[in-house]
Structures are given as structure tokens and as C-alpha cells.
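Below: the structure, in C-alpha cells.
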Amino acid sequence: MGYLLLEGGAEFGGRMREPDERAIALAGGPDAPVAIIPTAAAPDNNHARAGGNGVRWFRSLGA
């Protein structure tokens, strides 16, 4: 069993800290795997930028 957290827009920022920390806790804590699947596709490689932003954000939360 697992959890799925769907976010959009400015998802990797201060306003999502509380739900993202809760998601980390529900997933099993800081050592639990977190997968980021960027679905926003734009010609300027926005998906790659979004994925990198997600990795940085979750690392800043201790994941």
C-alpha cells in the first residue's frame, strides 16, 4: 500500500510545506522513497525543471 500526493502549480514552495511533510510521514519518514513524476510538458524542457525543483524541495524537507 502507498500514498499518492497530487500537486500542481507552485507546488514546491512554502505553502505546501505542511502537506508535503505529512506525505513524507505517511510514506514512512525521511528514509522512505519519494517519486516525482513531472507531467507539465512544454517545449522549453519545463518537465525537467519541474522534476529538479521537486527533488530539491523534498530534500529540503529531509526526504
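The values are calculated or read from the model by the stated rules, or taken from the named source; none is laboratory data. For clarity, every value in this text was computed on a predicted model and none was experimentally measured. Areas reflect the complete protein model, heavy atoms only, side chains present, ligands, DNA and RNA absent. Shrake-Rupley method; radii C 1.70, N 1.55, O 1.52, S 1.80 Å.
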Looking at 9, 14, 62, 2, which is the one that is open to solvent by less than 60 Å² (accessible area, probe 1.4 Å), modelled with pLDDT under 85 and either more than 10 Å from the chain's Cα centre (by Cα) or among the aromatic types (Phe, Trp, Tyr) (or both)? 2
Taking the range 2-51 and keeping residues of a type in the set (A, V, I, L, M) and in a loop (DSSP other than H, G, I, E, B) leaves 4, 5, 6, 10, 32, 34, 35, 36, 37, 40, 41, 42
Can you work out which of the residues in the range 19-48 that are under 12 Å from the mean Cα position of the chain (by Cα) and acidic (Asp, Glu) is least open to solvent (accessible area, probe 1.4 Å)? 20
